[in-house]
Each structure stands twice: as structure tokens, then as C-alpha cells.
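Comments concern the structure below.
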Amino acid sequence: MNKIFDRPLYAYARSPDQDTATPVRHPVVVVGAGPVGLALAIDLAQQDVPVVVLDDNDKVSFGSRAVCFAKRTLEILDRLGCGEPMVEKGVTWKTGKVFHDTRRIFEFDLLPEGGHRRPAFINLQQYYFEEAQIVRIRDLQEAGKPVEIRGGNKVSAVGRQDDHVRIEIDTPEGSYNLEADWLIACDGANSAIRRMLGHDFVGRVFEDNFLIADIVMQADFPTERRFWFDPPFNPGQSALMHKQPDSVWRLDFQLGWNIDREAEKEPERVKARVREMLGKDTKFELEWVSVYTFQCRRMERFTDGRVIFAGDSAHQVSPFGARGANSGIQDADNLAWKLKLVIDGTAPESLIESYNRERIHATDENILNSTRSTEFITPKSGISRVFRDAVLQLAQHYPFARPMVNSGRLSVPAIYDGGPLNGPDDAALPPRTRPGAPAEEAPLGEGWLLERLGGGFTVLAIGVEVPDMSELEGIPLSVLRLALVAGPELGARYLGAAPGAVYLIRPDQHVAARWTRWDKDGLKAALRRATGRA
Amino acid sequence: MARLVTTPNIPDPDGFYAELVAVHDGLSAERSAALNARLILLLANQIGDRAVLSDAIAAAAKTG
């Protein structure tokens, strides 16, 4: 079978940088061509910031790996120009069922309200995700945007300087050196950059093993997330089932701690497990098998001078809740515009510190959620299991216990409450779009609100007169005026009971500040604050 | 804000106590623990107030 993950997509090719007498300096070098590094590269290239991506491999990731991509990730991908192919290829879902033993205890719906362009989730193999990103990078290259991916380039040494980073790179044709004004480490949980710089990565280890069996099977199970606590086919443990494109199904079995990992990966052993779960006559093929353990941990800081960590290199969570890849994409989303402004000299270097603070806030929320899910799914003490089982028993009969059933709190974007870039709020406006929150999608007649937001700062005026502006305080911005008649969702999400509102929205579509009237001085102050100048 | 009630509040203390113990008659220690857990969760939901629940957890942890 000719799989996409067997095919080189960015094979090693000699760069002119390898033949210079002195190391070439680049504004941004990204290490790691995974979902996070590629998202950052696309974002920077779209804004004309030259970016070089280095990866020691030359292919998309092997095996399905991350498969659940959340609505906010899809909205970010839309901004990056590659949301549509992923949603088309992906399996859209929003509902799930939870089982205990042989009983179905409840069902949930992650996005019961309408008026959103993107679904709560799509399932898509990580290799397709990365492939769509690479297609987007190739399109940007054709359009003359300054982005390149160098396969077969492995960073072997990193040296911090005051205003740049020196990098030594090994290639199939020997090593060469580069300099980067900014080095972004998107090189995963085992980050070599993090190790070379001697940073700790400590946290909580969960003593449990899980088996992923991705199988190819023709089946007509509904498109939903299914989760089992203590099922007959995996007694005392948990299991998960999810649909992916190409008739691939993700099966995930909790195995316990004292097991023989190699024996559990034996195809015959895995197939026996699958048959116990789905019935002995089930026809399927194994596509990818992996046994994993996990930790919940983060770096103390996500920046170290001109080196910045994003995605799994900076933080790791349990897989319950799909908060790994999704939070990494939000890291990139948060960072790209700040790098752009700092590199252009329109914002001070200290703006980068807000990346550290906002994304640590988000990471702590993700770690808290995923740690709580893990505690519920794999109780680590006798009494923890007693309460867990009590919740599951009650949930079948009484609705009150269902919100306590925690099979993973699925990824939603963090709201940067109390964030360093937030400006004023007006209590008359709805809490869901408060400063720090990502702008909520809303239908606008034929189109959607988020696609109307510019790539930079946007002043969104709904039912309030605001003048034309193309820049303020030296920061480029655009004005989007909407009438009150634009639709019930826009009013409910942005106005509440107020007759009109003015929102300042950051380039990453998070709300920076908002008012119920036009306040030019207030807007100027908020813009200075949102760009790290106040 | 509601406070944790720590003064007598159950009209029939002897009757309630007897009923609480009787429901465990004939149960193994394991089944008793499971029943207690279900009971705590039902009662906690009845109280609902997060601050009162935290006070109750703290009060229980502090005594004994």
C-alpha cells in the first residue's frame, strides 16, 4: 500500500546557505515540520515574514497520531487558508455516547447551538493535516511568499546570543551554520532544542499504558465518539472508538501499568482485542498500532531570550480531551502576529512576553482539564474508584450525575482572562465575547463573521458610527461595520441587550477590548496595550 | 451567602440515624462504601452551593 506517510514531501535539497563563508541570518527559523511548526510558517509567510522550517525527516508524520481537531483549530486554519480541504476530507462530528459495563449511560452534544461555520470537531489523521498544510505552503511559495521547508536538516547545536540564535545543522552532505533572529522550537515532546538548552520538563507521570489500534473496516456505526468505562471486552479498564476518513477507525484501549508492552503490540494480540470488542466475525485490517504512556507537564517558561517553544515541546497533556495538537495550533496562532509586529519594529520585543503569559495560562487550563479527566478515567486510589463508579451508576438513572462523568473535556480555546494585552470591557456586553476570548463565529447573510475579520487588527463596529481608519498608533488596522440587522446570532454573541458595540479584535481573532460607543482615545490606549506598549 | 449549617437541623435525629445505618445492613464493606459514595453525591447535588460543599468537606476533614 502506497501510504502518504511513506512518500517524501520535502526531500533534502542543498541550500545556498550551505555554501556561504559566514552563516546566513534569517528572521525566523522554525524547527519541526509538524502541525504546529507548519501552522506558524504559513501564518508568518502570509504576513510576508521570511521563515525557514527545518526538519530532520522529509515526510508527514508516520501513523494517524493526533486525529481530533476542534472548531477553534478549524477557524484558525480558515485564516491560514487551509481549513476547507481539511473539513472536506475530515469526518465531522459533535455527539458522543458514554457506556458503563454494558449500559449506555448518556449522550452528549458538544455544539448544540447553530450559527457556526465549522463543526465542533473533525477527525482527520495527522498525516492528512500536515499534507494540507504543506500544500498550502507550496501555494504560498508559488505566490512568491518567503517560506521554505528544508528536509533532512537536523539541528545539532544551538547557541543563544543577545539578539539572535546560532544554529548548527546536520545534513546528508555535512553540517552548516545559520543564524536566526528568532528560533521557534516546534520539535515535539522530546524537543532536542529544549534538551540542548538544558531546560527542565517536569510534571506528573501517569502510570498507565494505552494501546491505539487504528483499523480499516467497513462499518456503519454512527459518526460519534464512543467511550466505555469498564466494558466486558476490557474489564476494569476503559476504551474509546472514533471514526476517521478512509474507513479508518481509532480504537484506544487502556491496558494498565504492569504489562508487557512489546507483547501487547503483537498484531495477533491486537487483532484478538479488536475481535473481542467488535465481534469475532468482524473484518478489518490493522493500519497503525502504538502503545503509549503520557505525562502532564510544561516548561516553566515558553521563551528563553530569542528561543521560543510552541506545541508539545513546551507542554504535554494526556490525550483525553484532544488538547495536544489543538493547543499547539493556538500557540502558533498567538505567536505569529506578535513576531510579525516585533520584526517589523512596530511593537517592542516585550510583546513576546505576552505569548509566554497567555499560553501558560492556556496550558495550565489544559493540564488541569486533562489531569481531571485522567483521574476519572483511571482512578489511582481505592476511594477515587469508589466515587468514580458511584458517579457512573448514578448517571444512568439521574441527570444530575452526568456532568460529572469525565471521559475527556474536549478542547475549547482558552480565554485570556486577566491577560496582559486586554483593554477595557463593558459589562453590558455578553460575557462570551469579553476581552481575552476568541471572537465567536456568527452568520452574516451569505458569509461568516470570522472570514470578514482582516489579517491584522480589526475594529468591529455593530450599530455604532466609526470613522474610516487604516492605521492608528502606527499599527495597521481595518474597520468592519455591520448593521444590527445582520442576524440574531451576531446580536446575541456581541451585543446582548446593548444597542451597539465597538470591538477591537487582535490579528489572532481574540477580543482585545470593547465599548458600547465610539471612543477614539480609548481605542488608541487599547491598541497600545494590545501591542505591548502600555 | 449560605453557610454550612453546624447546628441541629434534622427534625428526627434518631430516626434519620437509624435509617442511615439500616440501609447498610447485610452489605459487604465494599458495597457499603459504594452506597456511601452514591449517597454523598446525591446529597451534594441537593446542596448545590459550592461554598457550602467546600465548607462541609473541610469540616469533615478537620474532625476525627
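The values are calculated or read from the model by the stated rules, or taken from the named source; none is laboratory data. Keep in mind that what you see is a predicted model, and the values were worked out from it rather than measured. Virtual Cβ from ideal backbone geometry, glycine too; neighbours counted across all protein chains shown.
Pairing residues of segment A:302-327 that are in the same structural domain as A:L40 (by TED's automatic domain parsing) and surrounded by fewer than 24 Cβ atoms within 10 Å (Cβ to Cβ) with residues that are assigned to a loop (DSSP other than H, G, I, E, B) and among the acidic types (D, E), at Cβ distances under 6 Å and at least 6 apart in sequence or on separate chains, gives no pairs at all. Taking the criterion of being modelled with pLDDT under 95 and within 10 Å of chain B (Cβ to nearest Cβ), the only residue of segment A:349-384 that qualifies is A:G382. Here A:R79 clears all of (1) among the charged types (D, E, K, R); (2) buried (at least 19 other Cβ atoms within 10 Å of the Cβ); (3) free of Cβ contacts under 8 Å to residues at least 40 places away in the same chain except the condition numbered (3).
Residues of segment B:15-23 include none that is at the interface with another protein chain (Cβ under 10 Å from one of its Cβ atoms) and modelled with pLDDT of 95 or more. From the list A:V158, A:V98, the one residue that fits, being outside the structural domain of A:K338 (by TED's automatic domain parsing) and either among the aliphatic types (A, V, I, L, M) or surrounded by fewer than 20 Cβ atoms within 10 Å (Cβ to Cβ) (or both), is A:V98. Could we say that A:T371 is of a type outside the set (D, E, K, R), in contact with a Cys (Cβ under 9 Å, 6 or more places away or on another chain) and surrounded by fewer than 21 Cβ atoms within 10 Å (Cβ to Cβ) here? Yes.
Per-residue answers, yes or no, for (1) within 30 Å of the chain's Cα centre (by Cα); (2) without any contact (Cβ under 8 Å) to a residue 60 or more places away in the chain; (3) under 24 Å from A:Q47 (Cα atoms); (4) crowded, with 17+ Cβ neighbours inside 10 Å:
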| residue | (1), (2), (3), (4) |
| --- | --- |
| A:P438 | yes, no, yes, yes |
| A:L449 | yes, yes, yes, yes |
| A:V464 | no, yes, no, yes |
| A:S470 | no, yes, yes, no |
| A:I475 | yes, no, yes, yes |
| A:D508 | yes, no, yes, yes |
| A:W518 | no, yes, no, no |
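Note on segment A:419-534: enclosed helices (runs of 4 or more DSSP H) holding 1 or more residues that are touching a Gly at 6+ places or on another chain (Cβ under 7 Å), of a type in the set (G, A, S) and not assigned by TED's automatic domain parsing to the domain that holds A:A332 are A:520-530.
Among the conditions (1) in contact with a Cys (Cβ under 6 Å, 6 or more places away or on another chain); (2) outside any loop (DSSP other than H, G, I, E, B); (3) aliphatic (A, V, I, L, M), A:L341 misses just one, which is (1).
Applying the condition of being of a type in the set (G, A, S) and part of a helix (DSSP H, G or I) to segment A:389-407 and asking which residue is farthest from the other protein chains (Cβ to nearest Cβ) yields A:A395.
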